[in-house]
Amino acid sequence: MGPGGFPAVDDVDAVDAVDAVLARHAENPSAFLALNEGTEHFTVPGIDGVVAYRLAGRRTVVQFGGPFAPPDDRAPLLRAFLEFAARSGRRIVGVQLMREDAELYARHGFTVNQLGADYARALPGFELRGKKHMQLRNKISRAGRAGVTVAEEPLVDVAADLDDIDRVWLRAKGALVKELTFMVGERGGPAQERRRLFLARDADGRALAYVSFSPVYGARAGWLHDLSRRRPDAPPGALELIVSTAVAAFQRESAGHLHFGFTPFTSLAAEHRVAAASRGADRIIGFLAQHGRRIYPAADQLAYKDKWGLDEVEPEYVAFQGGIRPGAMWALLRLTNAA
C-alpha cells in the first residue's frame, strides 16, 4: 500500500474505492484486472489516481496497466511510484501498457518494447450475417443442434460446476501446465459481483463451458472477454454459442464494445515501435511470434478472436526500468505462473 493508498483487493470497500478510480480514468481495456485478488494499489494524496502492482522476487515490482489517473496527473503519479519502489530497493517492470503509457515510461528511462496487441469489436450494428461469418454461424448452429443451451448465471449458484470444468480443462492441458495469473481474468473474490458469467450446458444439464466478462471503462466502454474454459468433450461451437449469447445481451443494453483482451506476440509492427525499444528484445519477441507456439499458442488465440470480425487493434507494451535484466524477466515469469 502506498502513502494514502488502498490495501490489496481483499474486501468490498477496497474494490469500491479502486473501481471508482478506474471508472473515472481508465482507458486500458484490461484495467479491471487491477482488481484481481492479491494486487496492491499505490496512491498519492491529492491525486485522483491509482497504480496497481505486485511484488515479484526480492528486487522487482510488476506494475499493471500504467498509472490510472487524469492526464495531467499520470506523470507525477508515476514519479511518486518510482520513488516508492526505489525506497524498497526494487525496480519496476510495467506490463500491458498502452501506447500512451509506453511513451510516458520511455520518457522516464524505461526500456519499452511492444509485446503484442489488444483486440476489440464494436457492437453497434454488429451481426453474424454474410459470407464472412458463415463458419462461425455453422459452429454456433452445430452446438445448438447438439442440445447446448446458454444462460447468464450468478457465480454463487454454479461455482461447483465451474470448478469441475476447470479441473478437466487443466488436466487436458498436461501435467506441466499451470494456470496463468495476474494478467488474466479470474473468478471469485470481492470483485466478482461486477463480472458477468455465461454458462453452457448440454441437454442433460451438465456444465460444458463458461466465459466470464469484466467491465471496460473509458472511450471504448463495454465488456472484456477475460476468462473462458471448456470441457474437452464439449460439442464444437459451445464457446462460440456462449459469446454470441453474451453479445446479444450486451447489444440489448447498448454496450459499445466487446474486447477480447491482450494476446502476446501478435500484430507486431515497426510503426508501433517506440524510441526506447531494445533491438535485442525486439528480435526475441519476433522470434517467439514466429516459432513460439509451444511456449504460448498466440496464433490459436488470435484465430479465435478474429472470427468475430475484429475492427480495433491496439499495441501493448512491456517496460523495464533501467533496461532488461534476466532477474526482472524471471520475476515476471514466476509472478504470472508462466515459469
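The values are calculated or read from the model by the stated rules, or taken from the named source; none is laboratory data. Treat the numbers as computed from the prediction; the structure is a model and nothing was measured. Please note: Cβ atoms are built from the backbone with ideal geometry, for glycine as well, and neighbour counts cover all protein chains shown.
So is Arg220 within 20 Å of the chain's Cα centre (by Cα) and surrounded by fewer than 19 Cβ atoms within 10 Å (Cβ to Cβ) or not? Steps first, answer last, please.
Details: within 20 Å of the chain's Cα centre (by Cα): yes; surrounded by fewer than 19 Cβ atoms within 10 Å (Cβ to Cβ): yes.
So Arg220 passes the test.
I want to confirm something. Restricting to segment 44-80 and keeping residues that are under 22 Å from Glu100 (Cα atoms) and in contact with a Pro (Cβ under 7 Å, 6 or more places away or on another chain), which single residue is surrounded by the fewest Cβ atoms within 10 Å (Cβ to Cβ)?
Only one residue fits best here, namely Asp48.
When you go through (1) surrounded by 17 or more Cβ atoms within 10 Å (Cβ to Cβ); (2) closer than 30 Å to Arg171 by Cα; (3) basic (Lys, Arg) one by one for Lys307, which number turns out not to apply?
Checking Lys307 against (1) surrounded by 17 or more Cβ atoms within 10 Å (Cβ to Cβ); (2) closer than 30 Å to Arg171 by Cα; (3) basic (Lys, Arg), the one that fails is (1).
Give me the residue from segment 32-74 that is hydroxyl-bearing (Ser, Thr, Tyr) and not in a loop (DSSP other than H, G, I, E, B) and, out of that set, nearest to Gly116 (Cα to Cα). Even if it seems obvious, please write down each step before you answer.
Step one: of segment 32-74, the residues hydroxyl-bearing (Ser, Thr, Tyr) are 39, 43, 53, 60.
With the extra rule that they be not in a loop (DSSP other than H, G, I, E, B), the set shrinks to 53, 60.
Numbers: Tyr53: 20, Thr60: 22 Å.
Among those residues, the one meeting the criterion is Tyr53.
Kindly provide the set of residues from segment 233-268 that are at positive phi and either at pLDDT below 95 or among the hydroxyl-bearing types (Ser, Thr, Tyr) (or both), ordered by number. Steps first, please.
From segment 233-268, those at positive phi are 237, 254, 261, 265, 267; that's our starting set.
Hits for segment 233-268 are Ser254, Gly261, Phe265, Ser267.
State the number of residues belonging to segment 223-280 that are in a strand (DSSP E or B) and closer than 22 Å to Lys173 by Cα.
In the first step, residues of segment 223-280 are kept if they are in a strand (DSSP E or B); the result is 223-230, 257-264.
Filter once more, so that each one left must be closer than 22 Å to Lys173 by Cα: 225-230, 260-264.
Residues in segment 223-280 being in a strand (DSSP E or B) and closer than 22 Å to Lys173 by Cα: 11 in total.
Where residues in segment 246-285 are in contact with a Leu (Cβ under 7 Å, 6 or more places away or on another chain) and either loosely packed, with under 14 Cβ neighbours inside 10 Å or hydroxyl-bearing (Ser, Thr, Tyr) (or both), which of them is nearest to Asp226 (Cα to Cα)?
Thr263
Does Ala75 fit the bill of being aliphatic (A, V, I, L, M) and closer than 30 Å to Gln301 by Cα?
On the way: aliphatic (A, V, I, L, M): yes; closer than 30 Å to Gln301 by Cα: no.
When the stated conditions are applied, Ala75 does not pass them.
Of the numbered conditions (1) within 29 Å of Asp16 (Cα to Cα); (2) part of a loop (DSSP other than H, G, I, E, B), Asp204 fails exactly one; give the number of that condition.
In the conditions (1) within 29 Å of Asp16 (Cα to Cα); (2) part of a loop (DSSP other than H, G, I, E, B), Asp204 misses (1) alone.
Name every residue in segment 75-91 that is outside any helix (DSSP H, G or I) and in contact (Cβ under 8 Å) with a residue 40 or more places away in the chain, in order of residue number. So that I can check it myself, show each step before the final result.
Going residue by residue through segment 75-91, those that are outside any helix (DSSP H, G or I) are 88-91.
Passing the criteria: only Arg91.
Scan Arg206, Arg230 and give me the residue that is in contact with a Leu (Cβ under 9 Å, 6 or more places away or on another chain) and of a type outside the set (A, V, I, L, M). I'd like the intermediate steps shown before the answer.
On the way: Arg206 fails: in contact with a Leu (Cβ under 9 Å, 6 or more places away or on another chain).
Of the residues listed, the single one that is in contact with a Leu (Cβ under 9 Å, 6 or more places away or on another chain) and of a type outside the set (A, V, I, L, M) is Arg230.
Counting only residues that are over 16 Å from Ala248 (Cβ atoms), out of contact with any strand residue (DSSP E or B) (no Cβ under 6 Å at 6 or more places or on another chain) and not small (Gly, Ala, Ser), how many does segment 140-157 have?
5
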